[in-house]
Amino acid sequence: MKASLPPDKQPAMLDVGHLPTFAFGHRSPMWWGTMGLIAIETTVFALVVMSYFYLRSHVDVWPMSQFAPDLLWGTVNTAIMLASALPNWYAKRAAERLDLQAVRIGLVLCLLFGLAFLGIRILEFATLNTRWDINAYGSVVWMLLGLHTVHLLTDAYDTLVLTVLMFTGPLEGKRYVDVSENAAYWYFVIFSWIPIYAVIYWGARI
Amino acid sequence: MSSDQPTYAPAQDAATLQRTWSDPPGLVGWFSAINHKTISLRFMITTFVFFLAGGVLALLMRLQLARPDNRLVSPDLYNQLFTMHGSTMMFLFAVPVMQAVAMYLVPLMIGARSVAFPRMNAFAYWIFTFGGLMLYAAFFLDIGPDVGWFAYAPLSGPQFSPGKRVDFWAQMITFTELAALMEAVILITTILKMRAPGMSLNRMPLFVWTMLVTSFMVLFAMPAVMLASTALITDRLVGTHFYNPAEGGDVVLWQHLFWFFGHPEVYLIFIPPLGFISSIIATFARRPVVAYPAMVLALIATAFFAFGLWVHHMFAANLPELGKTFFTAASLVIAIPTAVQIFCWIATLWSGHIAWRTPLLFVLAFFVILLLGGLTGLMLASVSLDTQLHDTFFVVAHLHYVLLGGAVFPLFGAFYYWFPKFTGRMLDERLGRWNFWLFFIGFNVAFFPMHLLGLEGMPRRIYTYPKALDWGALNLTATVGALTIGVSVLLFIVNVLRSRRHGAPAGADPWQAGTLEWSVASPPPASNFEQVPVVHGRYPLWLPPGTPDRVTGLTSEHREVLITSVVDAAPDHRLWLPSSSPWPFLCAVAVTILFIGSIFTPWAMVWAAVPVAATATVWFWPKRHMTAVRSASEVPP
């Protein structure tokens with residue numbers, strides 16, 4: 001059943017030597033790696049949100065700590081995160097055009113936004129009006145906000161490392177794919193905040 | 001046969017490829033290894049050592065239970081034994097061993113030179129190993145977990161389990177699930193983006209399909225147990241109240257989160273062996289597996305249903321009756337896709353020319369044992385019967401019939417089947433038969449009596465029982481069976497150690513199989529394929545060669561791989577994979593310090609994050625020389 005070829009007859013070969021050496025979006029393995037990460041973390045967030053409502057369904061008073069989180073800083077931060085989509089979009093588009101100068105500008109702007117929402121995140125924790133060790137409500141709210149903050153931190157650090165690399169080098173085409181995928185992850189981090197914001201700030205009110 | 005396979009690569013090119021894809025030598029090189037075959041072999045051996053450790057724990061339990069009123073081990077040690085046994089077999093053996101085997105075979109089956117993220121693969125292996133070692137270090141220091149492998153709250157909470165025992169268990173979960181999640185991402189990316197040209201999704205070997213389905217399940221199942229154990233450890237260490245009813249927490253939340261992971265986990269263990277079985281049956285029946293589309297759809301259906309079953313582990317908890325009815329129905333429905341596959345295999349065997357070799361024996365044992373385990377599963381899916389048998393040895397018998405029959409027997413078959421590929425030598429057939437029959441008989445002698453013990457009311461997790469209950473004879477029988485399994489596993493080890501050096505040389509394709517891993521030398525060269533093949537069917541080695549039959553235009557000087565499209569595997573671009581590096585290992589050490597440190601102080605999350613970030617950054621940071629070489633030959637999209 002096994003085929004063997006007469007040695008004098010060399011069959012045609014599929015030449016791939018002309019193909020590009022990197023590619024963007026779902027053509028790139030990096031995209032699939034990032035999407036895998038996003039699938040995992042979306043599942044984590046969804047499970048914490050389910051736990052939140054599960055716990056809420058088991059007690060009479062919600063929030064158990066009497067006072068819902070203050071709306072001010074959470075809402076301000078939502079606006080900042082949504083606004084950061086703009087420089088992020090700029091950086092992603094610049095990367096896909098291999099425009100180094102614009103990539104640098106986009107990444108630095110993103111970093112500034114990152115610093116802003118991390119700073120305001122501290123104020124958010126301070127105005128949650130509950131502690132993690134008071135009751136189950138406090139625990140799940142801190143867990144939800146804490147997990148999202150870990151994402152903000154890691155994404156800001158990733159962006160910092162990439163920004164430094166885009167200024168110092170060494171650079172090759174693949175690094176623009178990294179910038180593009182970092183931007184995709186950034187979208188995930190800021191857009192996943194919207195349902196989390198709704199749960200933390202409005203799940204304790206409605 | 002290997003000898004009449006056409007070889008196109010000039011010898012010089014083969015040598016260059018070998019040099020390019022080999023890991024560096026020496027001690028630093030050993031820790032820098034990232035070749036998927038090297039990592040996978042280490043991974044398989046590590047999981048097998050944990051399997052042996054878990055087996056020894058089981059034997060200790062069986063010796064303790066061999067006669068009534070036995071005083072061989074203390075109740076406290078007994079609690080640790082069954083917790084460690086279950087945790088080891090589930091978290092350190094059954095799930096990871098499937099991923100370990102897949103990391104070796106998948107690239108070879110799909111015509112790839114590597115996995116997608118080879119450094120991350122090495123990192124995941126080290127994380128897994130450190131997590132397992134931590135758990136055993138704790139056990140030997142008498143701080144092993146003692147609350148059962150599913151660590152139900154409130155028993156596992158701070159009030160009833162003070163001390164560090166459960167903390168080590170919870171962090172072991174963090175280690176192993178982190179590793180499993182990374183392996184899943186690597187496998188998905190490898191399978192979807194690195195198949196050889198022409199291997200469209202509907203030509204993928206069934207084993208690769210099982211790993212793709214399993215990996216997607218991992219993405220959605222494992223986060224639940226990580227979240228559950230993180231909430232448990234914060235309850236224990238920083239005073240949160242997730243599972244504390246006094247402050248609005250809920251202990252059944254633990255059960256939901258755990259079994260939302262735990263039931264799919266059964267299928268994470270069970271689905272990859274379905275791929276082993278499809279490979280082995282096709283080869284030894286000498287024909288393609290019947291009804292390939294039905295097989296693939298059945299796998300996908302199983303994966304979906306697996307997420308709708310978790311409450312059947314909780315029938316004894318106080319839950320709405322309507323909900324229980326739904327989960328009973330779902331538990332019965334999942335039998336359908338499993339039955340589809342079993343009938344397809346029977347049809348394959350029926351219409352083939354069977355070669356009775358050891359791998360096939362293990363697969364046939366699967367049919368018998370899994371059938372029995374499945375039937376008791378149907379019994380337990382009934383709420384009324386489950387309430388009666390809950391927490392008895394009937395459940396112990398059921399779960400071992402399912403897990404050993406469904407996973408361990410096919411896994412041993414897989415070792416016999418692919419060992420020649422791993423080592424270049426055949427395992428001894430005579431020892432193999434002794435191994436098989438002792439395992440098969442020992443297994444039934446050990447576990448069948450447990451059905452009867454369970455029906456008579458013997459509870460799980462008791463360290464002894466009084467003579468008056470008359471359970472001594474059945475328990476002694478079970479112990480004799482367990483020792484027989486022990487002997488059979490020893491024979492397997494002897495067989496492996498002897499055959500590794502003195503086994504009959506295997507050649508490239510000792511079984512005349514049809515899939516691509518058998519087209520390369522045994523063991524395969526560092527680059528797997530000296531020429532990347534072009535695929536024209538599901539069993540390429542059983543087909544006449546198509547045109548074109550191989551790829552040209554990839555450099556041998558660098559670790560260049562071909563990236564192809566998701567559905568059709570059309571060539572898309574060429575990519576250089578990273579060089580070998582010690583940094584994944586060092587980063588894993590840093591993460592280990594963070595995880596273990598956080599058991600003792602929450603501030604470890606802060607200070608230990610610094611070395612984690614530093615090592616991860618050095619790992620990522622590109623090398624100037626390589627980047628310059630790459631830039632010079634770059635082709636932008």
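Just so you know, all these numbers are worked out from the coordinates, no wet-lab data involved. These numbers come from a predicted model, not from an experiment. Glycine also receives a Cβ, built like all others from the backbone with ideal geometry; neighbour counts cover every protein chain displayed.
Table for the structure above
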| item | result |
| --- | --- |
| Radius of gyration, Dmax [segment B:109-236; alpha carbons; angstrom] | 18.2, 60 |
| Approximate shape of segment B:284-406 as ellipsoid semi-axes (Cα gyration tensor, √5λ), whole Å, largest first | 32, 18, 9 |
| Amide hydrogen neighbours beyond the local backbone of B:Val551, cut-off 5 Å, H modeled | A:Leu14, B:Val532, B:Val534 |
| In Hz, Karplus ³J(HN,Hα) per residue of segment B:532-547 (6.51, -1.76, 1.60; θ = phi - 60°; x = Gly, Pro) | 5, x, 10, 9, 10, x, 6, 10, x, 6, 9, 10, x, x, x, 10 |
| Relative contact order %, chain A, counting alpha carbon pairs below 8 Å whose residues are six or more apart | 33 percent |
| Principal semi-axes in Å for segment B:495-637 [√(5λ), Cα gyration tensor, largest first] | 39, 26, 15 |
| Convex hull projection area averaged over all views, segment B:330-479, Cα basis, nm² | 11.1 nm² |
| Radius of gyration and maximum dimension Dmax of chain A, Cα, Å | 22.9, 86 |
| Restricting segment A:23-106 to trypsin sites (Lys or Arg not before Pro) in coil, as DSSP defines it, with at most 16 other Cβ within 10 Å | A:Arg97 |
| Pairwise Cα inverse-distance average, inverted: Kirkwood Rh of segment A:19-76 (Å) | 15.2 Å |
| Per-residue HN-Hα couplings for segment B:54-71 [Karplus 6.51, -1.76, 1.60; θ = phi - 60°; Hz; x = Gly/Pro] | x, x, 4, 4, 5, 5, 4, 5, 5, 5, 4, 8, 4, 9, x, 6, 6, 10 |
| For chain B, convex hull of alpha carbons as volume per residue, Å³ | 161 Å³ |
| Residue order, fewest to most beta carbons within 10 Å, for B:Arg550, B:Arg195, B:Arg67, A:Arg131 | A:Arg131, B:Arg67, B:Arg550, B:Arg195 |
| Tail fraction, Cα-Cα pairs, segment A:122-206, threshold 21 Å, whole percent | 44 percent |
| 0 to 90° range, to nearest 10: angle between helix B:95-110 axis and chain B longest Cα axis | 20 degrees |
| Part-to-part distance (alpha-carbon centres) for segment B:111-179 and segment B:301-332, which is given in Å | 27 Å |
| Convex hull of Cα atoms in the protein assembly as shown, direction-averaged projection (nm²) | 34.3 nm² |
| Cβ neighbours within 10 Å from other chains - mean over A:45-58 | 4 |
| Relative contact order (percent, whole number), chain B, Cα cutoff 8 Å, 6+ residue spacing | 21 percent |
| Burial ordering of B:Leu77, B:Leu411, fewest other beta-carbon atoms within 10 Å first | B:Leu77, B:Leu411 |
| Fraction of alpha-carbon pairs over 17 Å apart in segment B:43-139 - percent | 57 percent |
| Spatial separation of Cα centroids for segment A:182-206 and segment B:243-291, in angstrom | 31 Å |
| Taking the convex hull of Cα positions in segment B:441-550, its mean projected area over all directions (nm²) | 11.9 nm² |
| Alpha carbon convex hull of segment A:1-116, volume per residue in cubic angstrom | 181 Å³ |
| Listed residues B:Thr214, B:Trp254, B:Asn528: farthest to the positive end of the dipole of the protein assembly as shown (Cβ charges) | B:Asn528 |
| Lysine-lysine proximity count for chain B, Cα under 28 Å, sequence distance 8 or more or distinct chains | 5 |
| C-alpha center-to-center spacing [segment B:526-575, segment B:393-412] in angstrom | 39 Å |
| Ranked B:His573, B:His502, criterion: other C-beta atoms within 10 Å, fewest first | B:His502, B:His573 |
| Within 10 Å of each Cβ in B:88-99, the average number of Cβ atoms from other chains | 0 |
| Reduced Cα scattering model of segment B:363-441, Debye log10 I(q)/I(0), q = 0.11, 0.12, 0.22 Å⁻¹ | -0.39, -0.45, -0.95 |
| Hits among aspartates and glutamates - C-alpha to C-alpha of A:Lys174 under 14 Å, sequence gap 8 or more where chains match | A:Glu96, A:Asp99, B:Glu560, B:Glu634 |
| Distribution of pairwise C-alpha distances over segment B:405-504, 10 Å bins, in % | 15, 37, 24, 15, 8, 1 |
| Relative contact order computed over segment B:536-623 (Cα-Cα under 8 Å; 6+ residues apart), in percent | 19 percent |
| Kirkwood-Stokes translational diffusion coefficient of segment B:526-599, alpha-carbon pairs, 25 °C, 0.890 mPa s, µm²/s | 154 µm²/s |
| Reachable aspartates and glutamates from A:Lys92, criterion Cα separation under 14 angstrom, eight or more residues apart if same chain | A:Asp178, A:Glu181 |
| Rg to Rh, two decimals, where segment B:185-229 supplies the alpha carbon set and Rh follows Kirkwood | 1.12 |
| Given 16 as the ceiling on other Cβ atoms within 10 Å, longest exposed-site-free region of chain B for GluC sites (Glu not before Pro) in DSSP loops | B:1-455 |
| Inter-chain Cβ neighbour average for residues B:570-577, partner chain, 10 Å | 5 |
| Protection proxy ranking, peptides B:80-86, B:228-234, average beta carbon neighbours within 10 Å, highest first | B:228-234, B:80-86 |
| Cut-off under 5 Å, modelled amide H: who pairs with A:Met64 long-range | A:Tyr137 |
